[in-house]
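One structure below.
The values are calculated or read from the model by the stated rules, or taken from the named source; none is laboratory data. Keep in mind that what you see is a predicted model, and the values were worked out from it rather than measured. Every residue, glycine as well, gets a Cβ built from its backbone with ideal geometry; the counts of neighbours run over all protein chains shown. Surface areas here come from the heavy atoms of the whole protein model, side chains and all, with no ligands, DNA or RNA. Shrake-Rupley method; radii C 1.70, N 1.55, O 1.52, S 1.80 Å.
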Amino acid sequence: MKSIPFSLESIQAIIKKYPTPFHIYDAAGIEQSAQTMYSAFSWADGFRNFFAVKALPNPRILELLKAQGMGVDCSSLAELVLAKRAGFAGEDIMFTSNDTAAEEFEMAAELGAIINLDDISHIEFLEETLGELPELLCFRFNPGPERTGNVIIGNPAEAKYGLTRDQIFRAYKTCLQKGVTRFGIHTMVASNELDPSYFVETARMMFELAHEIREELGIELEFINLGGGFGIPYLPDQDPLDIEHVASGIKTLFEDMLADFSVKPKLFFECGRYVTGPHGYLVSTVLHKKNTYREYVGLDASMANLMRPGMYSAYHHITVLGKESAHADHTYDVTGSLCENNDKFAIARVLPKIDIGDIVVIHDTGAHGHSMGFNYNGKLRSAELLLKKDGQVQLIRRAETLDDHFATLDLH
Ligand SMILES: *Cc1c(COP(=O)(O)O)cnc(C)c1O
């Protein structure tokens, strides 16, 4: 069974102040995940996770992660601005974008962020944009047919990201000639992966590449960023990623394969989901029940609050608060109100008997949840709350109002 860090009574008290739907994040859980990750990799000098801002772009969360030693991974102008406002600066920020606009590179450079280029043609684009190249550059490697990807990120050979093997070598060579002196490398080949050996194999691939780059170009990479993608158990019977296995597998390879580097490259990740995903909950109230060809439960939340089930057919566990130990003997489709038939949080889910007014908690919404939300059908973006370690609840994003929603229109 999946646990929830609050009771029906505590949620009812919160709802009196902040009406549903809202996402609530558990600060203690987020800190715990951050610490688990850092302790698993404590053997790696200069280890760092650059939290992928897109997973949970809220300044209070970013501040909390900064206190745990994390940097941030940004991919857009807004994310860069948010990182800056949350107190990140310089090489605390990794800028991993694609199809990037000039103003985004300008902002990244202004902040002194580590710029990670997605294509060989961006060297010239960056040079033209900034007038000169920064002293430190990183490239995103796409291994193409060398690796198979997974569902969310796709097959590397069909993925739009990164440079081919051949381009990687040409890119570093060009940068050397243009006076760049510091280099890193990056890849991201999996998303929501629970198999530890996948990450160990990615490390092997990157350590080999680091060797070849040194051999061919004389560059000793300063860091190797293995991307994000640590998975979380969305299903109640799934085991969490064995991060100790990931870390010890990578440690063995690191010690074997990089032994002869005079300065060891730093090991970076940019995980979002692993850090915050399990510690967010979408809290919603049952508005309607409907029996037609199937039994439906209609919530006051919709796909606009959480797109993953509709977009990826992703499983998100559902708990009916106060009915945790009730017999699950009903089969429901749990829906939102969008005029869009895939606006379903669950299809044919076996749950206890649900009544109108019940409070439904949708689990694992702490990453790629609120942030993937949208305004289709004029749905307003929900509030975000933070359950702090002292038990206090803080409003960390107010709910959108109709005025917010219409702010860009000229209404009479
Ligand atoms: C989305 C993304 C991440 C974070 O992915 P998670 O699955 O949340 O760990 C990291 N790096 C890049 C480049 C991304 O696009």
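Looking only at the stretch 217-246, residues that are assigned to a helix (DSSP H, G or I) and within 16 Å of the ligand (Cβ to nearest atom) come to 2 in all. When the stretch 361-378 is filtered for residues that are of a type in the set (A, V, I, L, M, F, W, C) and over 20 Å from residue 270 (Cβ atoms), the ones remaining, listed by number, are 361, 362, 374. When you scan the stretch 200-207, do you find a residue that is away from the ligand (no atom under 14 Å from the Cβ), touching a helix residue (DSSP H, G or I) at 6+ places or on another chain (Cβ under 7 Å), open to solvent by less than 10 Å² (accessible area, probe 1.4 Å) and aliphatic (A, V, I, L, M), even just one? Scanning the stretch 200-207 turns up at least one residue that is away from the ligand (no atom under 14 Å from the Cβ), touching a helix residue (DSSP H, G or I) at 6+ places or on another chain (Cβ under 7 Å), open to solvent by less than 10 Å² (accessible area, probe 1.4 Å) and aliphatic (A, V, I, L, M). Among the conditions (1) free of Cβ contacts under 8 Å to residues at least 24 places away in the same chain; (2) open to solvent by 60 Å² or more (accessible area, probe 1.4 Å); (3) not charged (D, E, K, R), the only one that residue 376 does not satisfy is (1).
All conditions but one from (1) open to solvent by 30 Å² or more (accessible area, probe 1.4 Å); (2) in contact with a strand residue (DSSP E or B) (Cβ under 9 Å, 6 or more places away or on another chain); (3) more than 16 Å from the ligand (Cβ to nearest atom) apply to residue 192; the one that does not is (3). Of all the listed residues (212, 201), the sole one being farther than 22 Å from residue 94 by Cβ and under 26 Å from the mean Cα position of the chain (by Cα) is 201. Return yes when residue 357 is of a type outside the set (Val, Ile, Thr), modelled with pLDDT of 95 or more, surrounded by fewer than 22 Cβ atoms within 10 Å (Cβ to Cβ) and farther than 19 Å from residue 400 by Cβ and no when it is not. The answer is yes for residue 357. Among residues of the stretch 167-189 being away from the ligand (no atom under 16 Å from the Cβ) and outside any helix (DSSP H, G or I), the one that is nearest to the chain's Cα centre (by Cα) is 183.
No other residue among 131, 71 is modelled with pLDDT of 95 or more and either touching a strand residue (DSSP E or B) at 6+ places or on another chain (Cβ under 6 Å) or charged (D, E, K, R) (or both) apart from 71. Scanning the stretch 135-157 for residues that are at pLDDT 80 or above, within 27 Å of the chain's Cα centre (by Cα) and away from the ligand (no atom under 15 Å from the Cβ) yields 136, 137, 144, 145, 146. State whether one or more residues within the stretch 85-93 are crowded, with 22+ Cβ neighbours inside 10 Å and assigned to a helix (DSSP H, G or I). So far as the stretch 85-93 goes, no, none of its residues is crowded, with 22+ Cβ neighbours inside 10 Å and assigned to a helix (DSSP H, G or I). Taking first residues from the stretch 177-205 that are at negative phi and among the hydrophobic types (A, V, I, L, M, F, W, C) and partners that are open to solvent by 50 Å² or more (accessible area, probe 1.4 Å) and away from the ligand (no atom under 13 Å from the Cβ), the Cβ contacts under 7 Å between residues at least 6 apart in sequence or on separate chains come to 180/135; 183/222; 194/238; 205/146. Among the conditions (1) more than 16 Å from the ligand (Cβ to nearest atom); (2) in a loop (DSSP other than H, G, I, E, B); (3) of a type in the set (Val, Ile, Thr); (4) crowded, with 19+ Cβ neighbours inside 10 Å, residue 263 misses just one, which is (4).
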